[in-house]
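These notes are about the structure you will find just below.
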Protein chains: 2
Amino acid sequence: MSAPGSFVHQYSLNEVFASRLRLAIFSERNLSKRNSSLPVTLLTTAKPKDSMLTGFGSASRSGGLVDLGHRATIEDVAARAGVGVGTVSRVLNQQKHVSRVMREKVEVAIAELNYRPSRLARALSKGGSDIVSIVAPYITRPSVVARIDSCLAGLNRVGIVASLFGVFNRAQFDQVIDTLSDRHSTMALVVVSIPVTDAQARGLRSANVNLVGLDIDVAGSDSVFVDNIHGGEIVGTHLLSRGYHQIGFIGDADSGKFQFTSTDARLCGLRSALRQGGSSLEIGHIKLCEHGTSQAKECAMELLTSNRPPDAIFASSDTGALGVLSAANELGVRVPEDLGVVGFDNLEMAAVVGLSSVLQPLSLSGEIVAERLIRQLTQSDAHPVHTMLDLELVERTSTSRVPNLVRQLQPTT
Amino acid sequence: MSAPGSFVHQYSLNEVFASRLRLAIFSERNLSKRNSSLPVTLLTTAKPKDSMLTGFGSASRSGGLVDLGHRATIEDVAARAGVGVGTVSRVLNQQKHVSRVMREKVEVAIAELNYRPSRLARALSKGGSDIVSIVAPYITRPSVVARIDSCLAGLNRVGIVASLFGVFNRAQFDQVIDTLSDRHSTMALVVVSIPVTDAQARGLRSANVNLVGLDIDVAGSDSVFVDNIHGGEIVGTHLLSRGYHQIGFIGDADSGKFQFTSTDARLCGLRSALRQGGSSLEIGHIKLCEHGTSQAKECAMELLTSNRPPDAIFASSDTGALGVLSAANELGVRVPEDLGVVGFDNLEMAAVVGLSSVLQPLSLSGEIVAERLIRQLTQSDAHPVHTMLDLELVERTSTSRVPNLVRQLQPTT
DNA sequence: CACGTTTGATCGTTACCCTCG
DNA sequence: CCGAGGGTAACGATCAAACGT
């Protein structure tokens, strides 16, 4: 019985970790100090943990299951079925050269022991894992999770469960990519919104990791993205056509953190459309702030209370546009009469509050990525495809100066 | 050189996968069929993939890096440093019995080869991995991602990068838990909102996986959650105190999918508060629908256009409450004069639209879970702690009957 | 020579047991 | 006899080659 030893591993592993966790002691203390002044109630602190340490007792808890005290290995199965491990492996991998009798014997043993092959050992042996990973920033943002969710759903449809890494900055992103650039770690990788360097792409390729870009273009790999410059142009053209001329812009300032390009691109497009329309964008009418409703609201407040307030504001996200609407409402500025407002992403909430917004096919983008990924995994000779999705302005009341159109609340999803 | 062979692995691996992907062919075809009628533009379909197959070329791309053609192993490092693998391992794990000279030699070799130990091989050898996993449903919901995000942030602070599994139903959840119930797969696991069965908890424990419940209570494990019944009570009491008596309820109907309990609990609390206040909840005033703004809006429409419309509606989420507000607005029902509206979660958007809502400390819950987890990993003798966080009603205009406080953000006439 | 089965090498690390100064 | 380092079984699987019938 090697089980007792296996429990010791837990401790040694923790000790290894302890060195990396020295920081934790502090943040932990701070946290618990904070907690004491917060609405936290400790209910119980009980439970003996003997059962955790033994784990043996009551051999057959349910059905005909046999409890070995540790997770069954292929060897346990082989022993119980009275065959060699190779035979079990062949059964597992649906290979030939296994007689009906043996196969059944093995299957019975597998069921009895509740055996599951270790993905780790399998990956190590095969020289590649069967895991699909997704790396994404800002998983709290609706536009990001909408993409991820539909991508997950698409992968799920064929039985793939992907694991998601949410990163907070470039350094962390780089670290995750580095970890994943290992033939054993992952079979495929979807990177959302964060630009991938050539070196990183090369590293992944040489580790046989299939890379797909979602909301970014990656040279030499599949990718699905939109033309943000064009998105800005659409907005500019639309606002001009509605008779707005003093256009303001509120965008995300955190571009440097991940080297995002979407805000810049949209601003660039807006500028170009205004220029073409004989208008222009005043420096004072451009505000950059952290992504968020309240942050955008502040910016809008500044713009609207300035000497030369704009008569329309383009927020580079619906989340921000909501802040603009809120600011206008608070200041008594009428939308759309005194102020036109346009957002980006066309989230569900845009329809609810009557916000004009640029529709980018978020869930479609995720689906296509899933599709591309599946194709890469099935067809090894697939060439990289760069897919650009079109953008489209969904016009609602926030830019409509015609009163009788105000009732138009239902969008074209 | 074993490199050429390693590339072949890719293909064989794909073939193994192909059998599981038979379904994919169909969904793929369907998808691409659909695409043809959608705004999709294919830009390029080029790029030779020779470089992918060789991976050797240009030996030293940057600095003094040496390219072996394959990811360096501990053996490569040992060879280059002129030592045995054991020594390299000792250096890597900060162990004793390594002289200064040797350590430096090894470190140089590691740098030159850009060597990273394989987590897989390490986990297999040590009998346990150093990965932290999170399993959660509905990652598109703000309340869920808010929790996850703060938990990730807390873990990140001490250098832990967790991987997140988004699941779509019970079966998938069970599958993920089963996969993770392997001593090699993960060191710790956070389960969000989905009830964990005793058998699952036992399985995880016997695999030495530290389990923490977030938004659920797990017997025998750390967990952080709220008292949803009390949440319902708070709302009921508040509405009664504002003079609302015909209370309606709109909740999520998908409870069965994951066996969620929060909607039921909140309804139960609401009922009990009304009963105590001498009122009651009419059967016809209870609506259950899929989670979402538009779905809740439909339910609200039905309620408000019925023979006996309620004078207040409690939606079990802010997302739903937004739909209620939208419905009221569309029907010309004044909020809060004719209709009181209360939501749950107190998302940022609640403040923007003046929605009264029950504040549950979403990000705090994630932080505490991170803290508990770190404690478990550092102190092996920690007892399980069940933490219940308090709820609190944030009162805004949607339940305030003083007319001049009413703010109307929606595009009303 | 088919077919079924066992055996041993391999994947990259760690842990343990040696052997030297 | 101790401290520094070298070999070599594990870990749990896959796969090819050898082996009986």
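A short reminder: the numbers here are calculations on the coordinates, not readings from a lab. Just so it is clear, the model here is predicted, and its values are computed rather than measured. Note: ideal-geometry Cβ built from the backbone for every residue, glycine included; neighbour counts use all protein chains shown.
Brief remarks follow.
- Separation between Cα centres of region B:152-228 and region A:268-327, rounded to whole Å: 43
- Student exercise, region A:318-373 dipole from Lys, Arg, Asp, Glu Cβ charges, in Debye to nearest 20: 60
- Net lengthening on full extension, residue B:75/residue B:199 (0.36 nm per residue, minus Cα-Cα): 40.5 nm
- All-pairs alpha carbon distance profile, region A:284-384, 10 Å steps from 0, percent: 15, 39, 19, 13, 10, 4, 0
- Contour excess over end-to-end distance, with Cα ends at residue A:380 and residue A:275 and 0.36 nm allotted per residue: 33.1 nm
- Computed from the C-beta positions of residue B:302 and residue A:170 and an R0 of 45 Å, the FRET efficiency is 0.35 to the nearest 0.05.
- Distances between copies at residue A:306, taken between label points 7 Å from Cα along the C-beta direction, are 5.1 nm in increasing order.
- Förster radius 25 Å - calculated FRET efficiency between residue B:253 and residue A:153, Cβ distance, rounded to 0.05: 0.80
- Residues A:241, B:129, B:316, sorted so that the one with the fewest Cβ neighbours within 10 Å comes first: A:241, B:129, B:316
- By the equivalent-ellipsoid construction on the alpha carbon gyration tensor, region A:63-117 comes out with semi-axes of 19, 11, 9 Å, ordered largest to smallest.
- Label 7 Å beyond Cα on the Cβ vector: residue A:97 copy-to-copy distances, nm: 4.1
- Partner aspartates and glutamates whose Cα lies under 18 Å from the Cα of residue B:96, excluding those fewer than 8 positions away in the same chain, are identified as A:15, B:104, B:107.
- Inter-copy separations for residue B:65, label at 7 Å along Cα-Cβ, nm, ascending: 4.7
- Shielding of A:113-122 by partner chains, average beta-carbon count, 10 Å: 4
- Scaled to the globular estimate 2.2 N^0.38 Å, the Cα spread of region B:135-179, given as radius of gyration, is 1.25.
- Calculated FRET value between residue A:217 and residue A:334, using beta carbons and R₀ = 45 Å, to 0.05: 0.65
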